[in-house]
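Beneath this line is the structure, given in structure tokens, with notes to follow.
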Amino acid sequence: MAGNWKMYKTPVETTQFFEKFGPLVANSSHCEIVICPPFIDLAAAVAAAKNSPVRVGAQNIAWAKEGAFTGEISGPMLNAVGVTHAIIGHSERRQYFGETDETVLKRTQAALEFGITPIVCVGELLQDRESGNTANILTGQFQKGIAGLSEQQFAKIVIAYEPVWAIGTGKTATPEIAADAHRTIRGQVREKFGKDAADSIRILYGGSVKPDNAKTLMAQPEIDGVLVGGAALDAVSFASIVNF
Ligand code: PEP
């Protein structure tokens, strides 16, 4: 169960969130919980999550270890503050900041090199869905991106299916639509990496997940977890999703 805070909250607000959230998920041993705040909040989040089951993730990671890459944050830097996960290829990065399947692959490889679990996002635009192109888009994102990993690398990643039309819009994919897309992605994984990889890869659904729809989404066997934006900003709301 992963929360993406996008560009919200200061370090002080981060500490306040964890003070409230920690006790609400102290016994939630049925799942892994990851919160991905802005870079500026990571140290505060790691400190506040100490002695709790909650892990802290970044919202991106550089493909290089260090160098002339203004505005980027590298794997060793994330290691140094205790970050365990990184969201890669979020649709907002793809839409507004030129992220491509090729850079997604490079960032994913860098995360793995530094022991950080990548949460790699894929998903179609509204026009792709309306024109019946969803499977093609998901297949293309897979083949041009994470299909370039080795089998050993692939075993360590998490995929998030996030239909772009459902992100921040209040329009959740129905559980059936989400499960169908997950089957497409899992089918690609099976073709490229084999049955065991397809059975064990964790695919999260993301797109307007809220406390009142988490349970029906999670009831789909294809859906292994959720990536939550807006509803992860509030401790009570995200805890109720975690404890669906
Ligand atoms: C997201 O940011 O990954 C997301 C799914 O956002 P929201 O839950 O607000 O749609």
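The values are calculated or read from the model by the stated rules, or taken from the named source; none is laboratory data. Not measured: the values here are computed from a predicted model. Heads up, the Cβs are rebuilt from the backbone with ideal geometry, glycines too, and the neighbour counts pull from every protein chain shown. In case anyone asks, the SASA skips ligands and DNA or RNA and just uses the protein heavy atoms, side chains included. Shrake-Rupley method; radii C 1.70, N 1.55, O 1.52, S 1.80 Å.
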Size of the stretch 71-141 as Cα extents on the principal axes (Å, biggest first): 45, 21, 17
Nearby lysines by direct alpha-carbon distance to LYS65 (threshold 18 angstrom, same-chain neighbours under 8 apart not counted): LYS106
CD proxy at 222 nm, helix term only [per DSSP H run n ≥ 4: -39500 (n - 2.57); per residue of the chain; nearest 500]: -12000 deg cm²/dmol
Range in the chain, longest, excluding exposed trypsin sites (Lys or Arg not before Pro) [loop by DSSP; at most 15 other beta-carbon atoms within 10 Å]: 66-155
Amide H contacts under 5 Å for ILE73, placed H, 5+ residues apart: ALA62
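Holding the Cα-Cα limit at 26 Å, pick out from LYS9/LYS171; LYS50/LYS171; LYS20/LYS215; LYS171/LYS195; LYS20/LYS171 the pairs that are longer than that.
Numbers: LYS9/LYS171 24 Å; LYS50/LYS171 35 Å; LYS20/LYS215 22 Å; LYS171/LYS195 32 Å; LYS20/LYS171 28 Å.
Beyond 26 Å: LYS50/LYS171; LYS171/LYS195; LYS20/LYS171.
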Whole-Å semi-axes of the ellipsoid equivalent to the chain (Cα gyration tensor, √5λ, descending): 25, 22, 17
Per DSSP, loop chymotrypsin sites (Phe, Trp or Tyr not before Pro) in the stretch 20-112 with at most 16 further Cβ within 10 Å: PHE69, PHE97
Sulfur and carbon atoms: percent of accessible area, the chain [1.4 Å]: 53 percent
Under the Karplus curve 6.51 cos²θ - 1.76 cosθ + 1.60, θ = phi - 60°, whole-Hz ³J(HN,Hα) for the stretch 207-218, x wherever Gly or Pro sits: x, 6, 6, 9, x, 8, 10, 4, 5, 5, 5, 5
Amide hydrogen neighbours beyond the local backbone of ARG202, cut-off 5 Å, H modeled: ILE159
Spacing of the two label points (7 Å from each Cα toward its C-beta) at ALA219 and GLU102, in nm: 4.5 nm
Computed log₁₀ I(q)/I(0) - Debye formula, equal Cα scatterers, no solvent, the stretch 24-151, q 0.10, 0.23 Å⁻¹: -0.36, -1.30
Summed residue charge, Cβ within 11 Å of GLY168's Cβ, Lys/Arg positive, Asp/Glu negative: 0
Residues of the stretch 1-132: accessible area per residue with a 1.4 Å probe, Å²: 48 Å²
Projected-area mean, the stretch 65-210, by convex hull of Cα positions, square nanometres: 9.2 nm²
Other-chain or far-sequence residues with amide H under 5 Å of ILE35's (modelled H): GLY3, ARG55, VAL56, GLY57
Cα-based equivalent ellipsoid, the stretch 8-47: semi-axes from gyration tensor eigenvalues, Å: 20, 11, 7
